[in-house]
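Notes to accompany the following structure.
The values are calculated or read from the model by the stated rules, or taken from the named source; none is laboratory data. Note that the structure is predicted; figures quoted are calculated from it, not measured. Here the Cβ positions follow ideal geometry from the backbone for every residue, glycine too, while neighbour counts run over all protein chains shown.
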Amino acid sequence: MIETEDLSKRFDDFWAVDGVSLRVREGQVLALLGQNGAGKTTTVRMLTALLTPTRGRATVAGYDVVSQPNQVRAVVGVLTEQHGLYVRMTAEEYLDFFGQVYRLDPSRRRRRSRELLEYFGLEEVARQRIGEYSKGMRQKLALARALIHEPPVLLLDEPTSAMDPESARLVRDQIAKLRSARRAIIICTHNLSEAEALADIIAIIYRGRILVTGTLDELRRRVLGAPEYEALLSAPWRLDGFPLPQGVALSSQEGTRLRFRVKDPAKANPALLQALLAHGAPVVTFREVTRSLEQVYLAVMAQVRKRL
Amino acid sequence: MISRRDLLPIWWIARRELRDQFRDWRILFPLAVLTLIFPLLMNIVAGEAVDFVNRYGGNLVLDRLVPFSVLIIGFFPITVSLVVALEAFVGEKERGTIEPLLSTPLEDWQLYFGKLLVGALTPLAASMLAIAFYMVIVSRQDLTMPNAHLMAQLLALTVAHAVLMVSGAIAVSTQSTSVRAANLLASFIILPVAILIQGETVLVFWGNDRVLWLAVLAVSIMAALLVRVGLAHFRREYLLGRELDTLNFRWMGRTFWRAFKGEARSPIQWYRVELASTLRRLRLPLLLVVALALLGAVVGFFWTRTYLAQWLAQTPPEEVKDMVAQLQEAADVAMPDFALSFPWIFLHNVRAVLVMFLGGAISFSVLGMLFFLVNMGVVGAAMAAVDLVGLSPWRMFAAGLLPHGVFELPALFLAGASILYLGAVLVTPNEQRTMGTVFIEALADWAKVMVGLVIPLLAVAAVVEAYLTPLILLWTLR
């Protein structure tokens, strides 16, 4: 659905995006993470055919961003960094205008407009001027605009910024629904827990270059090493002479908590548990240690800074 | 082929903005004032001015001021609502609304014409309303209404002014990085049009309706060219990308020098490679300019032969003498000790070429070509005058013009072609270069032709004209 190969953009002497290669299939969400100015917005603008790549290529829903810019724009729904709403219009007029521009017939425009306003809880203020809306309401309306033509590809820049928790949940649910409806979605966000909850693929971009990309599990393994498992014991237990199964290493021991790094959990964990119990370890619980996207992100950024 | 379906988005964009404008009192209030109060004020002021002048022995009639007032009343609402056109793109950029709009599958020209339509509709509606209101005021007084023909000319001029100013403002809006910058650039639109209106006012008072139609045509051509320029250089990328308006003299100098010098390492190489490549680019403009020169000379010849004889027959000799003296004065040749010296001829010709360039640079070649055409017309007229006094124009051409014309005419053709080229590249879409780069490179091409060929040819021509042509002419006349 979205494919980029060596996608690059130079402004004067500065490479804003440098050799980005990504692939997002139908029904996948890719979270593009990075600091401000890392190249997220430039990448999205190239995928919307607003900026012409200096090097490389990109296709969106099968259309080339350079040679078929209007076809690309017709199949993409964009939520931009700024809401970009016409404040003197009402929400109804606003969605109708964009529906028209996306060539929806009047009955479909009305239906889509009603559905979206209802979904985002804006139906009661649909005839009020947008200038009177709160930040969160504006964000929801901007998202409704991106969805008005039911695009197969969505490029969302900070989709839940400025939203209250309830509205943010609504948006996340909508994104999850769209994923189920086989849409290809790229979200640019600083909200790591949101990315963790929504994304199938994560890409971390720094100074225009993709540092790492993959599923969260792949990134955890690649960046933080093999997964860790923790055995909680009911009483202190001495490890002396305990034969660790192959592919298992003890990573830490603090009181009644033992942590093991396991290369192949499917194979090694049953053997490890058996060995612990056989040697009389009073195991209460055995669980995987949670490693958040935030840890992955911070580790990646720390590695980069160390390299520089 | 453009279908109705393609044109509809233009109306959608215009309608949305019109709706916005009618909800903004800051746009409506000044327009209402200019539409309803300004015609009243104009009427009172014109009456007072006529009374004042007549009190001191003037012989002004208020009726004569009515067409002039129509022109002014039509002009003012356009200048105020120009603000809307000036911020058409850059205002949306500042408010952050441009990106969602640019991300839609609208074609560039649909976006552009949508903005142009809304930019022109409001000022035109205001102008027409103001003029209509003024005509109601005029009809209620003991004043003569302008005739239908003059009224049609005045309305056509007002429409042409509106389109010219709005198309200029939209072009400015696509190239500016902020509303402030666009507003600062507005003077580049308002001032030339104000000067233009002064010229048109003279034509209105003079009462030459044919020339007034020509003014309508010239303004319309300029407006069309401005639309073409704006569209040719409209880039979604620039609207989103550029943030700073810095006058980078170093970059300008570097770009100019790179285009002027090219890869040449010596003057000979420069002539052989760089100037030759510029001349190759000038082939088509050169052909057009030569055709234009022939046309100008032929029209000048026949027009003069037809009308000059009639005029001389009808005009008293004293008046003819006065006019000749005035013409001599205007052409700097009335001094008693005047002689056609080399420096005078050379500087006069260089000045003519520079005026042609300046006119062309501010009007996408239109004024430059007009000056060129007038120059060639004068050559034709001179030949016709020779014919009228019973001499052979061909013989006079061969003796009085050809010796230095061999050098001067190619120089003029080359200068004209480089000015035509400058206008042509500005109105031609160029994906790879900004408008600034295109202009500087075309300027470098003009400079190359000037330095490499035009000035040396004019210098040789001036030497021949000062020292050789008079001798040949005297010998021929004897």
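To keep it simple, each residue is scored yes or no on (1) over 26 Å from the mean Cα position of the chain (by Cα); (2) assigned to a loop (DSSP other than H, G, I, E, B); (3) assigned by TED's automatic domain parsing to the domain that holds residue A:73; (4) more than 30 Å from residue B:5 (Cα to Cα).
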{"site": "A:109", "(1), (2), (3), (4)": "yes, no, yes, no"}
{"site": "A:115", "(1), (2), (3), (4)": "no, no, yes, no"}
{"site": "A:118", "(1), (2), (3), (4)": "no, no, yes, yes"}
{"site": "A:140", "(1), (2), (3), (4)": "no, no, yes, yes"}
{"site": "A:149", "(1), (2), (3), (4)": "no, yes, yes, no"}
{"site": "A:159", "(1), (2), (3), (4)": "no, yes, yes, yes"}
{"site": "A:162", "(1), (2), (3), (4)": "no, yes, yes, yes"}
{"site": "A:166", "(1), (2), (3), (4)": "no, no, yes, yes"}
{"site": "A:170", "(1), (2), (3), (4)": "no, no, yes, yes"}
Q) Which residues, counting only those in the stretch A:1-56, are within 14 Å of chain B (Cβ to nearest Cβ), hydroxyl-bearing (Ser, Thr, Tyr) and surrounded by 20 or more Cβ atoms within 10 Å (Cβ to Cβ)? A) A:41, A:42, A:43, A:48
Q.
Tell me yes or no: at least one residue of the stretch B:146-169 is more than 14 Å from every other protein chain (Cβ to nearest Cβ), under 29 Å from residue A:67 (Cβ atoms) and modelled with pLDDT under 90.
A. no
Q.
I need every pair where a residue in the stretch B:106-134 that is buried (at least 19 other Cβ atoms within 10 Å of the Cβ) has its Cβ under 7 Å from the Cβ of a residue that is not in a helix (DSSP H, G or I), sequence separation at least 6 or different chains.
A. B:112/B:234; B:115/B:88; B:115/B:89; B:119/B:88
**Q.** helices (runs of 4 or more DSSP H) fully within the stretch B:1-81 counting 3 or more residues that are within 14 Å of chain A (Cβ to nearest Cβ) and surrounded by 17 or more Cβ atoms within 10 Å (Cβ to Cβ)
**A.** B:4-21
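Quick grid of which residues meet (1) out of contact with any Gly (no Cβ under 6 Å at 6 or more places or on another chain); (2) touching a residue at least 24 places away in the same chain (Cβ under 8 Å); (3) not in a helix (DSSP H, G or I):
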site: A:9; (1), (2), (3): yes, yes, yes
site: A:15; (1), (2), (3): no, yes, yes
site: A:20; (1), (2), (3): yes, yes, yes
site: A:27; (1), (2), (3): yes, yes, yes
site: A:32; (1), (2), (3): yes, yes, yes
site: A:38; (1), (2), (3): yes, yes, yes
site: A:41; (1), (2), (3): yes, yes, no
site: A:44; (1), (2), (3): yes, yes, no
site: A:49; (1), (2), (3): yes, yes, yes
(Q) Please determine whether any residue of the stretch A:120-140 is within 20 Å of residue A:40 (Cβ to Cβ) and in contact with a strand residue (DSSP E or B) (Cβ under 9 Å, 6 or more places away or on another chain). (A) yes
(Q) If I go through the stretch A:183-235 residue by residue, how many of them are among the hydrophobic types (A, V, I, L, M, F, W, C) and either touching a Pro at 6+ places or on another chain (Cβ under 8 Å) or part of a loop (DSSP other than H, G, I, E, B) (or both)? (A) 6
Q. Which residue pairs have Cβ atoms closer than 6 Å, lie 6 or more positions apart in sequence or on different chains, and pair a first residue in the stretch A:147-175 that is of a type in the set (S, T, N, Q) with a second residue that is in a helix (DSSP H, G or I)?
A. A:160/A:168; A:160/A:171; A:167/A:136
Q) Scanning the stretch B:23-76 for residues that are at pLDDT 80 or above and of a type in the set (Phe, Trp, Tyr), which turns out nearest to the chain's Cα centre (by Cα)? A) B:75
Q.
When you scan the stretch A:26-35, do you find a residue that is more than 25 Å from residue A:296 (Cα to Cα), over 20 Å from the mean Cα position of the chain (by Cα), in the same structural domain as residue A:134 (by TED's automatic domain parsing) and acidic (Asp, Glu), even just one?
A. no
Q.
Need the failing condition index for residue B:173 against (1) buried (at least 17 other Cβ atoms within 10 Å of the Cβ); (2) free of Cβ contacts under 8 Å to residues at least 24 places away in the same chain; (3) of a type in the set (Ser, Thr, Tyr), just the number.
A. (2)
Q: Could you tell me which numbered condition residue B:132 fails, if it satisfies all but one of (1) of a type in the set (Gly, Ala, Ser); (2) modelled with pLDDT of 90 or more; (3) within 30 Å of residue A:46 (Cβ to Cβ)?
A: (3)
Q | Filter pass, residue A:240 being modelled with pLDDT of 90 or more, farther than 30 Å from residue A:96 by Cβ and either out of contact with any Lys or Arg (no Cβ under 6 Å at 6 or more places or on another chain) or crowded, with 18+ Cβ neighbours inside 10 Å (or both) | A | no
Q) Name the residues in the stretch B:82-100 that are within 10 Å of another protein chain (Cβ to nearest Cβ) and surrounded by fewer than 20 Cβ atoms within 10 Å (Cβ to Cβ), would you? A) B:95, B:96, B:97
**Q.** Answer residue from the stretch A:57-99, given it is small (Gly, Ala, Ser) and facing another protein chain (nearest Cβ under 8 Å) and is surrounded by the fewest Cβ atoms within 10 Å (Cβ to Cβ) among those
**A.** A:74
(Q) Here is a list: A:122, A:141, A:155, A:95. Which entry is of a type in the set (A, V, I, L, M, F, W, C) and closer than 16 Å to residue A:194 by Cα? (A) A:155
Q. Where residues in the stretch B:349-365 are surrounded by fewer than 19 Cβ atoms within 10 Å (Cβ to Cβ) and outside any loop (DSSP other than H, G, I, E, B), which of them is nearest to the chain's Cα centre (by Cα)?
A. B:359
Q: Go through the residues of the stretch B:338-346 one by one and say whether even a single one is within 30 Å of residue B:165 (Cα to Cα) and at pLDDT 85 or above.
A: no
(Q) Could you tell me how many of the residues in the stretch A:100-123 are out of contact with any Gly (no Cβ under 9 Å at 6 or more places or on another chain) and more than 14 Å from every other protein chain (Cβ to nearest Cβ)? (A) 12
Q: Scan the stretch B:455-478 and report the pairs whose first residue is in the same structural domain as residue B:357 (by TED's automatic domain parsing) and whose second residue is surrounded by fewer than 14 Cβ atoms within 10 Å (Cβ to Cβ) and small (Gly, Ala, Ser), with Cβ atoms within less than 7 Å and a gap of 6+ or a chain change.
A: B:466/B:341
(Q) Take the residues in the stretch A:142-158 that are in contact with an Asp or Glu (Cβ under 8 Å, 6 or more places away or on another chain) and under 16 Å from residue B:99 (Cα atoms); name whichever of them is farthest from the other protein chains (Cβ to nearest Cβ). (A) A:158
